[in-house]
1. Sketch the reach of a paramagnetic label on B:S109 as a point 7 Å from Cα along Cα-to-Cβ, and name the residues of region A:61-83 whose backbone nitrogen lies under 15 Å away.
2. Computed over the Cα atoms, what is the radius of gyration of the protein assembly as shown divided by 2.2 N^0.38 Å, N being its residue count?
3. A:L122 label point, 7 Å along Cα→Cβ, cut-off 18 Å on backbone N: hits in region A:85-100?
4. How long are the three semi-axes of the equivalent ellipsoid of region B:73-138, in whole Å, if each is the root of 5 times an eigenvalue of the C-alpha gyration tensor, listed from largest down?
5. Which value in nm describes the separation of the simple spin-label points at A:A61 and B:S135, placed 7 Å from the Cα toward the beta carbon?
6. Once you order the gyration tensor axes a ≥ b ≥ c over the Cα atoms, which shape class does chain B get: rounded for a/c under 1.5, otherwise prolate or oblate by comparing a/b with b/c?
7. Show me the three semi-axes of the equivalent ellipsoid for region A:1-99, from the C-alpha gyration tensor (sqrt of 5 times each eigenvalue), largest first, rounded to whole Å.
8. Amide H neighbours of A:E31 under 5 Å, at least 5 residues apart or on other chains, H built in the peptide plane: list them.
Amino acid sequence: MMHVSLFLSFLIFGSTGGEIAITRGMKATGEPERLRPKELLRFLGKALCNGWFWAGVPLMALSFYALLVLLSWEPISFVIPASALSYVVGTFGAKYILGEEVSVARWTGVALVCLGVALVALG
Amino acid sequence: MATEGRLRVKTLVMVCAMVVCANAGDLLLKRAMLQIGAVKLSAAGLVHAFRMTVTSGTLWVGIFFLCGFMLSYMTVLSWADYSYVMPAGAFGYALLTFFAVVFLHEAVSARRWVGVVLICVGVLLVGQTKPRTTSVAREALA
């Protein structure tokens, strides 16, 4: 159980930290004009030149490996919903690091997600 | 108003692409890890697990879907809030639990189903909020 908790924390903090860094990189890259393959490739090329993107990659890699290990130990219907605890960590990150407005409705939604996750984890 | 509607529609499309790719990827990863077996936490066990994972075809197909997820995720984050996109993608949990029952024959209790429903209601609430609360640059494509 200790190992599962440890790898779950790698999964949650790795993915949240990585996603926040990537979000910062994507916001700096800017929105593509159209969702066409050529423009998406150009957008991807520009995003790959952003330092924030590359700051997020090792954290995402850590969380990916933790996911693989957890999937070898536990059922997918436990691992994936339990990793949703990252919604709380991520919402705090979005508010205090990315400066997003998190309304009461959004917080309520996140609270319901967390309650749902707790029920799922209890099985 | 039209701009807001357009923003919601394109955000929804990209979130759907994210959910489909992420679920297909996760399901294939689970199938690959079932074939490989439980990872042992020793140096030899980790090296063995690494060798088995890099030679697993199922795992690579899973990674292909996860790349599709990553591209749609990066694209949607260029215009929408992280605190909107992240929970909005959670409606895939219902789909994933359904897939786990149907394809992997996992047992899912009533309590776990209630949890999945609460997650979906939470996601719907988040979906009612504005997808973008911060300013965003438009990419210069000239």
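1. A:75, A:77-79, A:82
2. Numbers: Rg = 18.1 Å, N = 265, 2.2 N^0.38 = 18.3 Å.
Taking the Cα Rg and dividing by 2.2 N^0.38 Å, one obtains 0.99.
3. Of the residues in region A:85-100, A:85 have backbone N under 18 Å from the label point off A:L122.
4. Numbers: eigenvalues 182, 37, 7 Å².
Whole-Å semi-axes of the equivalent ellipsoid: 30, 14, 6.
5. The two pseudo-label positions are separated by 3.6 nm.
6. Working: a/c = 2.76, a/b = 1.55, b/c = 1.77.
Since a/c reaches 1.5 but b/c is at least a/b, the shape of chain B is classed as oblate.
7. Details: eigenvalues 167, 47, 28 Å².
Rounded to whole Å, the semi-axes are 29, 15, 12.
8. Counting only residues 5 or more places away or on other chains, the set is B:A137, B:R138, B:E139.
Any read-out appearing in this document is the output of simple, stated calculations on the displayed coordinates, not a laboratory observation. Source: prediction; values computed, not measured. Glycine gets a Cβ as well: all are built from the backbone with ideal geometry, and neighbour counts include every protein chain shown.
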